[in-house]
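Every number here is computed from the coordinates shown, using simple stated rules; none is lab data. Predicted model, so just to flag it, every value in this text is computed and none were measured. Here Cβ is always computed from backbone atoms with ideal geometry, including for glycine, and neighbour counts include all displayed protein chains.
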Amino acid sequence: MVQEQIESANPPRSKIWGAPLLSKGEIAIKSASRKLRVDPTLYLMLLPAVILVAVYSYGPLAGLVIAFQSYDIAMGIRASEWVGLDNFRFLFKFPTFNQVIWNTVYISFLKLVVRFIVPIVVSILLNEIKRVKYKKAIQTMIYLPHFISWVVISGILISVLNPTDGIINGLITFFGGKPIYFLGDNSVFTGVLVVSDAWKDFGYGTIIYMAALTSIDSNLYEAASIDRANRWQKIWNITIPGIIPIMILVGTLSMGNLLNAGFDQVFNLYNPLVYSTGDILDTFLYRIGIDNAQYDIATAAGMIKSAVSLGLVSISYFLAYKLADYRIF
């Protein structure tokens, strides 16, 4: 009797609300189903993209079995001999594979650092331009290279950096220097890759920072002006702290691209003279898989890259969630 009185005085939450309590997963499922009933058209519009991803991204995953076979294109996947991990052992014993991995990580790291710093600096400088007409003109000019393919840009670079009649070497010899074979010298080829990549994409990278700068309260700048702060003091104490969350987010998410050194750029610029410093994992896979028709070896190398990239992406999203409260959904 006493227990019944206690329960009637303190009923469980499920009895108060008239329904059993739901877990977070069940709540999410009910919320999604409710949205689906409310906005079915939006999900219908998403269907073509889902089909494309399923066909071109998830469908080819079945071909990963080639990495564990001595694949013969005439016999096909079903009839090819199963060799287990032999392709992976061959890769790790390959004379230049470790150098290729090092080149990929080194070039990617340099690109990520430059891509991170340059857009921030340019965005802050653009933010200091008061005339909207000039700011828009500069933004348009620095955005344009992003939309030009590497095939076109590589052709321009090959012409400009030509050791005999290129503009850059012409200026070097004019001031008394010796011509530099930029695309054939291992000591400078990496720098060409990093600088040209930054030139092509830094303008497009400023978009997110320019958007973040517009969210900074203008009253803070007015208060700083009253306190007689100069431009550098305003930048250091107001502008940079205002975009630090975006900087953290962009920096952490970019970690997932550590093994993507830019196939289009390197493939169009490199040559056998700079293989020791310019050959990256993607170009190595191209030569092994396409040029030499060793599909099993190339698949094994691609599988290694995908597994490492998956780990890096997972770590970057975890850090973005912890440091910048970034969530995918």
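For the chain, the relative contact order comes to 24 percent (Cα pairs under 8 Å, sequence separation of at least 6).
Can you tally the net charge around Gly203? Count Lys and Arg as +1, Asp and Glu as -1, for every other residue whose Cβ sits under 14 Å from the Cβ of Gly203. Each step should come with its number before you reach the end.
Numbers: positive: Arg115, Lys135, Lys136, Lys200; negative: Asp197, Asp201.
Around Gly203, the charge tally is +2.
Near the amide H of Gln69, within less than 5 Å, lie the amide hydrogens of Val83, all on another chain or at least 5 residues away, with H placed in the peptide plane.
Between the alpha-carbon centres of segment 34-107 and segment 165-236 there is a gap of 37 Å.
Calculated [222 nm] ellipticity per residue, helices only, for the chain: -20500 deg cm²/dmol; basis is -39500 (n - 2.57) per DSSP H run with n ≥ 4, divided by all residues, nearest 500. Under a Gaussian network description of the chain, with springs only between Cα atoms under 10 Å, the residue in Phe174, Phe97, Phe284 that fluctuates furthest is Phe174.
Relative contact order of segment 203-315: 25 percent, from C-alpha pairs under 8 Å at least 6 residues apart in sequence. Just one of (i) 101, 78, 38; (ii) 72, 59, 39; (iii) 91, 49, 41 is Cα extents along the principal axes in Å calculated from these coordinates, so which is it? Correct label, based on the coordinates given: (i).
Qualifying trypsin sites (Lys or Arg not before Pro) in segment 99-176, where qualification requires a DSSP coil assignment and no more than 11 other C-beta atoms within 10 Å, comprise Lys130, Arg131. Sorting Val152, Val114 by the number of Cβ atoms found within 10 Å of their own Cβ, with the fewest placed first, yields Val152, Val114.
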